[in-house]
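The values are calculated or read from the model by the stated rules, or taken from the named source; none is laboratory data. The shown structure was predicted, so the numbers you read here are calculated from the model rather than taken from an experiment. So basically every Cβ, Gly included, is an ideal-geometry build from the backbone, and we count neighbours across all protein chains shown. Remember, those area values only see protein heavy atoms, side chains included, never the ligands or the DNA or RNA. Shrake-Rupley method; radii C 1.70, N 1.55, O 1.52, S 1.80 Å.
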Amino acid sequence: MTVGEDVLIVGAGPTGLVLAIELARRGVVPRVVDAGAADHRESRAVSIVARTLEVLDDLGLAEDALERGIPLHALNFYQGTSTLAEMDVTAVDSPFPFDLCIPQWQTVSLLRERVERLGVSIEWGTRLLDHRAGEDGVTVELQHADGRRERCATTWLIGADGAHSTVRETAGIGRQRADLQRAFILGDVAADWPLTRDRFHVYFARSGLVAVFPMAGGYWRILAGTPGTAGTAASATPGLDDFSTLVADRTPLDSRLRDLQWSSSFVARESLAERLRDGRVLLAGDAAHNHSPVGGQGMNTGMQDAYNLGWKLALVVTGEAAETLLDSYDAERRPVAKAVVDATSTTTRIVTSGTLVARRARRHALRLLGRLNPVQQRLSSAFGEHLVHYHDSPLVFQRWTESPAKAWNDLAVAGPRPGDVMRDVHLEEREGPVALRHLLRGPGHHLLLFAADTTDPAALEAWRSAACAAMAGHGEAHLITRGHLPHGLTGGVAADPRSQAHNRYGVRRPSLYLIRPDKYVGYRGDSADLAAVHDYFRALAAPHAEKMAR
């Protein structure tokens, strides 16, 4: 295969790099270009949420990220010297129940190391000038750092080139836009503050907010609203005095700051592309959706765009799926992007409003929410992006009937629905304990066969063999038995000695769960009938597959 012949990715930020990794580890080596420099260290994004850490774990990068970042367990809100609320962010159902504070350039560095090991080279200082898409491919005009122009062809063009995306503009894809009329400055400084370094700290004042986040090396990231709007925002490179003044005015913290590492100013704007696919052109990350930094969802949403798109595009490029599979990318990710844009818009307006009524309402709401555990649990899941689902996707379905609970089953647990993210649990293999998420590493689909009360080795072996045949060329099958591992079965078998996996997946009789490569449930059925699994893969390959019957 010629590198870049099938896929050209414009943009080597977190979104473009995750997509490049997802393609390359499936044998599709993309060409990646970026208009910036290789040593660019702008770092607006400051955290990786729980769901994105799970993505990095699947890519084998979570441990390295944890070594470079600081786990955050709470979000504290203050007014003056009073604590309004302490929001727990650890109640998310994830193997990584926290936010990881890590500068964006460190995240990019991890992803670059991985993508280069997979044989992908990034062409820095190379910008897209124009493109023309046809039915069979895309003709692209590039300009290199030395001014040389190149005309080339690719089958698929991916715009991961940020909020001012040239790919989006040259494709003629419109977008809904709004200016939130909120200006901010941010930067990394050193300061001697008596603050706990395992949480975010947000200070409200009449003149605006100041949020501080712990950074590696003892530094603090400061995000502060400024009085300016689109026409009167702070200078492009705010200095130490700008931050010191706002810290002194809005917080009880020592305003004697030092050692400014990096700074920027910007006006919060939001936009949402009218569509994420236009024929052979697809958008991801900020090129598709852009919003306020409040909530820290931007980089994470873009990386998850790429995680959703990567396996689908690879199947299409290798001829294992029809091009219509890519329609599901827009169907699944654009509603997620819209929800993020709407939520961050509302949150930004609430937390930055300076009216007396707004300040009183915000203070009362935070004090109330800080005492309600169910609310904190839901906020924690939302903050960790674990509420993202694809229930209405054309790619998910089920044949599932609720039945009476077994003695070993918790009736209150219904199990993940089709379109929900998988749930991790610990199992036992002959070699020792293993996390389910680690069994599901790898680029293909995974079929989970829950044995429930079936213990006959011959029946289990027949079922497992049939499942392996159904998954041939698509991924792996995993048999999960209750109790201890049965004798005579080797390979692809794990035990659930305390029925925790059966409970977590709502299993009451022999059942199937088909987990997609992006670790969302594609299908579940409460029988050993594999016909639906065959139907699922036939639908992926069909040129004009209709939505699967639920």
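Quick notes
- Looking across the stretch 272-285 at every residue that is closer than 21 Å to Ala339 by Cα and charged (D, E, K, R), the one that is surrounded by the fewest Cβ atoms within 10 Å (Cβ to Cβ) is identified as Glu274.
- Among the residues of the stretch 61-74, those identified as closer than 20 Å to Gln104 by Cβ and either small (Gly, Ala, Ser) or touching a residue at least 40 places away in the same chain (Cβ under 8 Å) (or both) are Leu61, Ala62, Asp64, Ala65, Arg68, Gly69, Ile70, Pro71, Leu72.
- Filtering Asp58, Asp64 for residues that are surrounded by fewer than 18 Cβ atoms within 10 Å (Cβ to Cβ) and charged (D, E, K, R) leaves a single hit, Asp64.
- Qualifying residue in the stretch 102-117 (condition: outside any helix (DSSP H, G or I), touching a residue at least 60 places away in the same chain (Cβ under 8 Å) and not small (Gly, Ala, Ser)): yes
- Scanning the stretch 107-128 for residues that are open to solvent by 50 Å² or more (accessible area, probe 1.4 Å) and of a type outside the set (Gly, Ala, Ser) yields Arg112, Glu113, Glu116, Arg117, Glu123, Trp124, Arg127.
- Leu157 being modelled with pLDDT of 95 or more, within 27 Å of the chain's Cα centre (by Cα), farther than 29 Å from Arg363 by Cβ and buried (at least 17 other Cβ atoms within 10 Å of the Cβ): yes
- The residues of the stretch 192-230 that are open to solvent by 30 Å² or more (accessible area, probe 1.4 Å) and over 19 Å from Asp249 (Cα atoms), listed by number, are Thr196, Arg197, Asp198, Arg199, Ala216, Gly217, Gly218, Tyr219, Thr229, Ala230.
- Checking Lys406 against (1) touching a Lys or Arg at 6+ places or on another chain (Cβ under 8 Å); (2) under 24 Å from Ala50 (Cα atoms), the condition it does not meet: (2)
- Qualifying positions in the stretch 256-271 - more than 19 Å from Arg44 (Cβ to Cβ) and crowded, with 16+ Cβ neighbours inside 10 Å: Leu257
- Residue within the stretch 79-96 that is in a loop (DSSP other than H, G, I, E, B) and closer than 20 Å to Gly302 by Cα present: yes
- Residues in the stretch 481-519 that are part of a helix (DSSP H, G or I), of a type in the set (Lys, Arg) and either over 24 Å from Arg441 (Cβ atoms) or open to solvent by less than 10 Å² (accessible area, probe 1.4 Å) (or both): there are none.
Every residue, every condition in (1) touching a strand residue (DSSP E or B) at 6+ places or on another chain (Cβ under 6 Å); (2) assigned to a helix (DSSP H, G or I); (3) among the basic types (Lys, Arg); (4) closer than 22 Å to Thr170 by Cα, yes or no:
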{"residue": "Leu282", "(1), (2), (3), (4)": "yes, no, no, yes"}
{"residue": "Pro293", "(1), (2), (3), (4)": "no, no, no, no"}
{"residue": "Gly302", "(1), (2), (3), (4)": "no, yes, no, yes"}
{"residue": "Ala306", "(1), (2), (3), (4)": "no, yes, no, yes"}
{"residue": "Gly310", "(1), (2), (3), (4)": "no, yes, no, no"}
{"residue": "Ala314", "(1), (2), (3), (4)": "no, yes, no, no"}
